[in-house]
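Engineer: The following block contains the structure, expressed as structure tokens.
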Ligand code: PLP
């Protein structure tokens with residue numbers, strides 16, 4: 001009954017512009033109705049291999065009974081409660097404890113509902129922390145071009161993608177940006193990854209000096225950039241950046257919204273790349289996407305300054321009605337239990353070579369400029385050649401064309417400009433990885449023919 005209903009509704013007229021009816025038309029599927037494992041099914045019953053885990057979040061795939069049951073049980077037991085005025089609830093306490101166990105150096109956890117809210121909270125806590133320390137001028141936040149941190153006013157100000165700024169009157173004052181650590185695109189001729197990393201660290205230092213170290217509060221980075229095109233940091237990048245931040249007493253926020261919870265082959269991207277953060281933003285795979293939840297984890301020093309100050313003034317004037325929603329927290333507890341009991345980290349490490357091998361194999365295709373990735377995240381960047389110096393005219397929308405070819409063959413991926421992102425559910429088997437990549441050559445050939453026409 002529901003199927004017929006869906007087919008007769010004017011889906012495009014109902015969809016909010018942000019679900020992007022035009023893009024939907026291009027990918028052919030208007031309504032996704034069900035999901036099982038790494039597959040989702042549309043209103044016509046067509047099957048798609050979900051190579052992006054939705055929006056990088058369904059790490060345990062779709063239709064996981066244990067995770068769904070944990071959510072349902074919590075809805076029955078205590079569907080809502082808050083974390084204000086001395087009250088709390090079991091799932092929040094248990095989840096905070098789990099996060100502390102897994103995230104080295106993190107002492108306190110503050111919950112929100114979305115990644116954007118987590119990053120907004122990071123900005124406010126960095127400001128509050130510096131006010132508490134009696135340095136009210138130390139407020140500027142440095143982020144990176146092509147970084148993605150969300151769409152609320154502060155998180156969009158940190159996001160470094162033009163379409164999140166143009167016509168939105170962003171970034172706000174106090175938000176400044178530094179270079180993208182993309183060696184293939186940005187390195188000078190002959191510059192090694194280490195030399196490139198050292199140059200970026202030097203540029204960061206110059207920026208801090210120019211702005212005045214007494215005005216710079218925090219630096220935020222995704223260990224592996226996601227929506228900017230899955231950009232893996234060059235060798236020695238965070239090792240070079242970290243001492244600069246320490247020298248000028250600048251907080252290091254690791255945005256783990258995509259990287260966190262096994263994606264890069266460690267619990268956090270910060271572990272894979274020696275980020276050594278002072279705080280972390282967590283969301284998406286925190287609950288496997290089964291309920292909305294995000295969190296900020298803080299190191300002891302920052303947490304203690306904040307707590308002492310709050311003790312003096314009596315209240316922390318920040319928090320959301322749904323921050324730490326019990327259903328989200330129950331999903332988080334269950335997701336982490338599943339990551340641990342089913343040894344998802346070991347699985348990611350085991351299947352990653354096959355996944356990365358497929359990406360590297362496709363590097364030889366004439367349309368592919370670079371293949372990159374780590375663990376179970378990666379990208380192919382389309383380019384007229386392998387030099388990293390040339391790009392296709394964006395108006396040609398080759399990435400979108402390639403994505404359309406793939407969807408027509410039952411594979412969902414995501415085009416970010418001319419970079420095609422891969423971020424499948426982490427439960428994917430080696431056979432399913434082969435299936436994910438099986439139509440790639442044919443789709444690349446079709447896109448190449450389109451580019452030449
Ligand atoms: N940070 C990163 C790294 C993200 O990828 C995203 C979303 O894709 C966000 C923050 C924002 O999260 P949300 O969309 O839940 O607000």
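Engineer: By count of other Cβ within 10 Å, fewest leading, how are 426, 158 ordered?
Structural biologist: Fewest-to-most Cβ neighbours within 10 Å comes out as 426, 158.
Engineer: Could you please state, rounded to a whole Å, how far the C-alpha centre of region 253-320 is from the C-alpha centre of region 164-222?
Structural biologist: Centre-to-centre (Cα) distance: 22 Å.
Engineer: At a threshold of 8 angstrom on Cα-Cα distance, excluding pairs fewer than six apart, so keeping six or more, what relative contact order does region 68-341 reach in percent?
Structural biologist: Relative contact order comes out at 28 percent.
Engineer: Hey, what does the equivalent ellipsoid look like for region 379-432, semi-axes from the Cα gyration tensor as sqrt of 5 times each eigenvalue, largest first, whole Å?
Structural biologist: Taking √(5λ) for each Cα gyration eigenvalue gives 24, 14, 8 Å.
Engineer: In addition: Remind me, relative contact order of region 380-425 in percent, using alpha carbon pairs under 8 angstrom and six or more residues apart?
Structural biologist: Answer for region 380-425 is 39 percent.
Engineer: Hey, another quick one. Stokes-Einstein diffusion coefficient for the chain at 4 °C in a medium of 1.567 mPa s, Rh from the Kirkwood formula over Cα pairs: what value in µm²/s?
Structural biologist: 57 µm²/s
Engineer: Follow-up. What full-extension length gain, to one decimal in nm, is calculated for residue 124 and residue 80 as 0.36 nm per residue of separation minus the Cα-Cα distance?
Structural biologist: 13.3 nm
Engineer: Between residue 167 and residue 36, how many nm apart are label points set 7 Å from Cα along the C-beta direction?
Structural biologist: Each label point is offset 7 Å from its Cα along the Cβ direction, giving 4.2 nm.
Engineer: Over the Cα atoms of region 139-273, compute the convex hull volume and normalise it per residue, giving Å³.
Structural biologist: Per-residue hull volume (Cα only) is 105 Å³.
Engineer: Can you give the Rg/Rh ratio of region 331-398, where Rg is from the C-alpha atoms and Rh is the Kirkwood radius?
Structural biologist: 1.20
Engineer: When the Kirkwood radius is taken over all Cα pairs of region 316-453, what Stokes-Einstein diffusion coefficient follows at 37 °C and 0.692 mPa s, in µm²/s?
Structural biologist: This corresponds to a translational diffusion coefficient of 194 µm²/s.
Engineer: Can you give the helix-only mean residue ellipticity at 222 nm for the chain, where every DSSP H stretch with n ≥ 4 adds -39500 (n - 2.57) and the sum goes over all residues, rounded to the nearest 500 deg cm²/dmol?
Structural biologist: Rounded to the nearest 500, the figure is -12500 deg cm²/dmol.
Engineer: Contact order normalised by length for region 319-453, with contacts defined as Cα pairs under 8 Å and 6 or more residues apart; what percent is it?
Structural biologist: The value is 20 percent.
Where a number appears in this text, it was derived from the coordinates with a stated rule and is not lab data. A quick note: this is a predicted structure, and the numbers were derived from the prediction, not measured. Methodologically, a virtual Cβ is constructed for each residue, glycine included, from the backbone with ideal geometry; neighbour enumeration extends over all protein chains shown.
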